[in-house]
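The values are calculated or read from the model by the stated rules, or taken from the named source; none is laboratory data. What you see is a predicted model, and the numbers here were worked out from it, not measured in a lab. Methodologically, a virtual Cβ is constructed for each residue, glycine included, from the backbone with ideal geometry; neighbour enumeration extends over all protein chains shown.
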Ligand SMILES: [Zn+2]
């Protein structure tokens with residue numbers, strides 16, 4: 001009502017002024033509230049004289065984006081299933097018996113590295129099939145790795161993995177009962193005594209088996225770290241979280257495995273740079 005009254009008043013004043021011959025036409029009465037459309041256009045002082053198209057090189061959409069998934073050393077494969085999209089890493093998949101797992105999908109924050117201690121005398125015989133059959137009825141891990149291949153053994157998904165049982169729960173130094181299984185991906189490397197590589201008593205065949213297995217495992221770990229956003233500091237040897245556990249060997253892990261992993265992780269980060 002107030003609005004109409006004001007408009008009417010303006011119209012009447014304009015009409016009076018118009019009749020007096022000193023006002024613009026009523027149609028040009030200014031709007032009560034300023035609007036952007038009423039602002040005058042700036043004078044065309046900067047009209048370009050050139051007819052070339054504007055440069056688009058600075059536009060972010062024109063920069064080719066790299067696909068990190070295809071750059072991963074062990075790229076994941078995706079498959080649809082009844083329970084949603086599944087993810088597979090490595091050469092083969094063979095699921096462990098259900099009795100050895102906990103029926104829960106967890107978000108992995110840690111990657112725990114093991115050696116499985118399989119007893120073959122010749123390192124050339126260390127293999128992922130032995131890992132699969134050697135876990136027994138209490139243990140389950142997500143991967144077995146040998147110098148020949150990567151075997152995935154538990155279901156994995158874009159946002160989580162099946163709860164494995166690769167490290168026995170136990171009391172920590174504070175006397176609390178803790179488990180790492182509900183936030184870890186476990187990887188078993190085939191074989192034993194990996195410290196021999198650093199201590200200097202590994203035979204050439206044993207050294208080769210350990211080096212090749214490590215090379216494949218660190219490729220896998222880099223891929224899992226990126227895919228599940230796991231911090232490099234959260235890649236641990238079993239001996240670091242399991243009382244009385246020595247695998248995969250502290251000398252080997254600290255002086256060989258971790259330095260190689262860091263180098264590969266940094267190299268992968270550089271590849272992602274535009
Ligand atoms: Zn272990």
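One table, with the values for the structure above:
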quantity	calculated
Matching residues, segment 193-218, being surrounded by 21 or more Cβ atoms within 10 Å (Cβ to Cβ) and within 17 Å of residue 117 (Cβ to Cβ)	194, 195, 197, 209, 210, 213, 214, 217
Residue 152 being more than 15 Å from the ligand (Cβ to nearest atom), touching a helix residue (DSSP H, G or I) at 6+ places or on another chain (Cβ under 7 Å), in the same structural domain as residue 228 (by TED's automatic domain parsing) and in contact (Cβ under 8 Å) with a residue 24 or more places away in the chain	no
Checking residue 202 against (1) modelled with pLDDT of 95 or more; (2) away from the ligand (no atom under 13 Å from the Cβ); (3) in a helix (DSSP H, G or I), the condition it does not meet	(3)
One residue from 80, 121 being more than 16 Å from the ligand (Cβ to nearest atom) and out of contact with any strand residue (DSSP E or B) (no Cβ under 9 Å at 6 or more places or on another chain)	121
Flag if residue 232 is within 13 Å of the ligand (Cβ to nearest atom) and either in the same structural domain as residue 108 (by TED's automatic domain parsing) or buried (at least 22 other Cβ atoms within 10 Å of the Cβ) (or both)	no
Pick from segment 160-177, criterion assigned to a loop (DSSP other than H, G, I, E, B) and within 16 Å of the ligand (Cβ to nearest atom), ranking: farthest from residue 97 (Cα to Cα)	169
Single condition residue 192 does not satisfy, out of (1) farther than 20 Å from residue 125 by Cβ; (2) part of a loop (DSSP other than H, G, I, E, B); (3) in contact (Cβ under 8 Å) with a residue 24 or more places away in the chain	(1)
Segments classed as strands (runs of 3 or more DSSP E), wholly inside segment 78-151, with at least 3 members that are at pLDDT 95 or above	84-88, 110-115, 143-145
Residues of segment 219-252 satisfying the condition of being within 28 Å of residue 69 (Cβ to Cβ), assigned to a helix (DSSP H, G or I) and touching a residue at least 12 places away in the same chain (Cβ under 8 Å)	219, 220, 221, 222, 223, 224, 225, 226, 227, 228, 232, 234
